[in-house]
Amino acid sequence: MRGLKNILVITLVLLVGCKDNESVQGGNVPEVPSNPEMPAYSNVFISTDKAAYAPGDKVLFTIEGSSLPAGAMVRYKHLNDVIREETISGVNWEWSTPTNDFKGYVAEVFSFEGDQETILATIGIDVSSDWTKFPRYGFLSDYGIKSDAEIQSVIDNLQRHHINGLQFYDWHNKHHKPLPIVNGKPASQWKDIINKDVYLSTVESYIDAAHAANMKAMFYNLIFGAWDDAEADGVGKEWFVYKDNTHSNRDFHPLGAPFLSNLYLLDPSNPLWQAYIAVENDVVYQNLAFDGYHMDQLGDRGDTYKYDGSRLYLNQSYQSFIEAMKQAAPEKDVVMNAVSQYGQQNIAQASPDFLYTEVWTWSYKSYNDLAGIIKQNNVYSNYKKNTVLAAYMNYDLADNKGYFNTPAVLMTNAVIFAHGGAHLELGEHMLGKEYFPNSNLAMRPDLKSAMVEYYDFLVGYENVLRDGGEFNTVDVTSIDGKLPVSKVVGTTGTVSVIGREFEGSQIIHFINFKDANSSEWRDDTGSQSVPGLISDAKVSVAVENTVSKIWVASPDIIGGASWELNFNQGNGVVTFTLPRLKYWSMVVIEY
């Protein structure tokens, strides 16, 4: 367990033969104490001026569309520890962040009426010198003529969700020659592969607006894509990928109208192709202030061959390509898509700045499969890199105009976030398809509101969600039967229990699938059901160490503000009452 075995040993408490939803009673279970009264919550909209901050930076807070009552206060918390508290007035104020790097904080704005506390607003704050430590990836996909106000509106929304990196999807012209140069300067306008207009001024303005919000801008491109006319642009025929050993049939991705070309594949391990595209990338970097290269592939292509007739194992070719690109531009970030994990182990060995998986349900259908990808990526990267999943919600529903299914999105995000991942889903709209400009599905107001809370939670508690620790088995007992616990994530009719141990603490995630009608995350037709609220569930957990504190936080409750719980410990177990479980609640046991 990488040195963490001395922290907590969980022992089996459920009686042999008990069903998951049976309560466990008996004299060995200490009395479950009641909790202090939960604060009220008014959900005032609050924002900050950047998506993330360097250590010691000043954060500018703004209360929007409302005013604060006299005597309102704010406390800044790292996990459950208050590091500063002060009275505030007006709708703007500043806070100088601590100088510790890679820390998440929650600002809780609150007031009192008598003894009753009301949480007025909450927001997460990420203090990190490098965005790839805790990547929260968004996208852009439309580069037509746009006003400054339109661009700023998109960036402001992404900033409020703390998106700290943007994938500029299909911003380029030819895949093998992404930025067209005319008379020594970038063209003012060009076509993407589907014949849509791309304007240089829009791409530049988006990059500038992203940088002003402390977001990084990553340019998207295939690592091995070429248009029909590639040879006329200097691409060698010996560099292509072939479907036979006589170089008679090039491997290509067929595209019909309105696409301007098919996409022909090139050998990523060919040093001449690597040198060619490195020069083209340098043209991009010299003329546009991109911060790095988002590399894409097309997954398993079956049997493929090089020009000389030898077998080409694409999944083994990615490492050398990534390393060549890093050597050509060492100051730039790189990340590569592993399509349904194809080539991910090879990719991870090249040390990209984080890991990225495009999830397809032919391989990974269930919520438990999503968890498995993140855990596998942890192993591939020797637990050094965090993961972003491109997982497209309500996929079939997105063929037509409509709305995302709120519970499906929140259940998927709860699983991804609780396992330390992030979800590529937010851009000018939410993603429902692998073709990012598809905007058929919209978010209903309840989902829009919840997404802000979930991203605040991802940021505020990043140090127990995405910063080390080790997944472990936690045997949780439902004393009163309200929590039919399961260790298999996403099992319908149950509450999933996910454990993660750190030095001095045990994290327990509860995700509510009690009323779910499917264990498949994508929810193609938008039919996932809303979970019923579980209140005041009496819980026991077997422990060997002395517990000093138990606290809870949930993106679904009082804006994600943490709240200390009463507990009793004895006879090898600790007991407490879980106040609320809607979709996802996180309990932290400290020793």
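Yes or no: the stretch 179-191 includes at least one residue that is touching an Asp or Glu at 6+ places or on another chain (Cβ under 6 Å) and touching a residue at least 40 places away in the same chain (Cβ under 8 Å).
No: the stretch 179-191 contains no residue that is touching an Asp or Glu at 6+ places or on another chain (Cβ under 6 Å) and touching a residue at least 40 places away in the same chain (Cβ under 8 Å).
Determine if the stretch 243-260 includes at least one residue that is of a type in the set (S, T, N, Q), under 23 Å from TYR293 (Cα atoms) and modelled with pLDDT of 95 or more.
no
When only residues in the stretch 441-454 that are in contact with a strand residue (DSSP E or B) (Cβ under 7 Å, 6 or more places away or on another chain) and not in a strand (DSSP E or B) count, which is surrounded by the most Cβ atoms within 10 Å (Cβ to Cβ)?
The qualifying residue surrounded by the most Cβ atoms within 10 Å (Cβ to Cβ) is MET443.
Does ALA275 count as within 18 Å of TYR307 (Cβ to Cβ) and over 31 Å from the mean Cα position of the chain (by Cα)?
yes
In this structure, does ASN337 turn out to be of a type in the set (S, T, N, Q), within 23 Å of PHE168 (Cβ to Cβ) and in contact (Cβ under 8 Å) with a residue 24 or more places away in the chain?
Against the criterion (of a type in the set (S, T, N, Q), within 23 Å of PHE168 (Cβ to Cβ) and in contact (Cβ under 8 Å) with a residue 24 or more places away in the chain), ASN337 qualifies.
Check every one of the strands (runs of 3 or more DSSP E) wholly within the stretch 196-293 and list those with 2 or more residues that are crowded, with 18+ Cβ neighbours inside 10 Å and either touching a Lys or Arg at 6+ places or on another chain (Cβ under 6 Å) or not assigned by TED's automatic domain parsing to the domain that holds HIS175 (or both).
263-265
Would you confirm whether any residue within the stretch 334-348 is crowded, with 17+ Cβ neighbours inside 10 Å, assigned to a helix (DSSP H, G or I) and hydrophobic (A, V, I, L, M, F, W, C)?
Yes, the conditions are met somewhere in the stretch 334-348.
Looking at the stretch 302-319, can you tell me whether even one residue there is in contact (Cβ under 8 Å) with a residue 12 or more places away in the chain, crowded, with 17+ Cβ neighbours inside 10 Å and in a strand (DSSP E or B)?
Yes.
Quick one: count up the residues across the stretch 70-94 that are in contact with a Phe, Trp or Tyr (Cβ under 9 Å, 6 or more places away or on another chain) and under 24 Å from VAL588 (Cβ atoms).
12
Among the residues of the stretch 157-195, write down those that are outside any helix (DSSP H, G or I), touching a helix residue (DSSP H, G or I) at 6+ places or on another chain (Cβ under 9 Å) and of a type in the set (D, E, K, R).
Within the stretch 157-195, LYS174, LYS177, LYS185 meet the criteria.
Looking only at residues that are small (Gly, Ala, Ser) and in a loop (DSSP other than H, G, I, E, B) in the stretch 462-490, which one is surrounded by the most Cβ atoms within 10 Å (Cβ to Cβ)?
Checking each candidate, the answer is GLY490.
Table: residues versus (1) within 17 Å of the chain's Cα centre (by Cα); (2) outside the structural domain of SER317 (by TED's automatic domain parsing); (3) surrounded by fewer than 20 Cβ atoms within 10 Å (Cβ to Cβ).
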| position | (1), (2), (3) |
| --- | --- |
| PHE354 | yes, no, no |
| THR357 | yes, no, no |
| THR361 | no, no, yes |
| ASN368 | yes, no, yes |
| LYS385 | yes, no, no |
| ALA398 | no, no, no |
| PHE404 | no, no, no |
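Checking the condition touching a Phe, Trp or Tyr at 6+ places or on another chain (Cβ under 8 Å) and of a type in the set (Asp, Glu), which residue from GLU544, GLU564 passes?
Just one listed residue meets the conditions, GLU564.
Name the pairs: first residue in the stretch 532-558 and charged (D, E, K, R), second residue modelled with pLDDT of 95 or more and outside any loop (DSSP other than H, G, I, E, B), Cβ to Cβ under 6 Å, at least 6 apart or on different chains?
Matching pairs, first to second residue: ASP536/THR577; LYS538/THR577; LYS549/GLU590.
Of everything in the stretch 378-416, what is in contact (Cβ under 8 Å) with a residue 40 or more places away in the chain, in a loop (DSSP other than H, G, I, E, B), among the polar types (S, T, N, Q) and farther than 21 Å from LYS448 by Cβ? Give them in sequence order.
ASN386
For (1) free of Cβ contacts under 8 Å to residues at least 24 places away in the same chain; (2) in the same structural domain as GLU520 (by TED's automatic domain parsing); (3) of a type in the set (A, V, I, L, M), each residue gets a yes or a no:
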{"residue": "ASP446", "(1), (2), (3)": "no, no, no"}
{"residue": "MET451", "(1), (2), (3)": "no, no, yes"}
{"residue": "VAL476", "(1), (2), (3)": "no, yes, yes"}
{"residue": "ILE479", "(1), (2), (3)": "no, yes, yes"}
{"residue": "LYS482", "(1), (2), (3)": "no, yes, no"}
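Can you name every residue in the stretch 133-156 that is of a type outside the set (Ser, Thr, Tyr), in contact with an Asp or Glu (Cβ under 9 Å, 6 or more places away or on another chain) and assigned to a loop (DSSP other than H, G, I, E, B)?
The answer is LYS133, PHE134, PRO135, ARG136, ASP142, GLY144, ILE145.
Kindly establish whether VAL474 is among the aliphatic types (A, V, I, L, M), at pLDDT below 95 and farther than 30 Å from GLY427 by Cα.
Yes, satisfied.
Mind checking which residues of the stretch 253-301 are of a type in the set (Ser, Thr, Tyr) and without any contact (Cβ under 8 Å) to a residue 60 or more places away in the chain?
Residues satisfying the conditions are TYR264, SER269, TYR285.
The values are calculated or read from the model by the stated rules, or taken from the named source; none is laboratory data. Please read these numbers as outputs of a predicted model, since none were measured by experiment. Glycine gets a Cβ as well: all are built from the backbone with ideal geometry, and neighbour counts include every protein chain shown.
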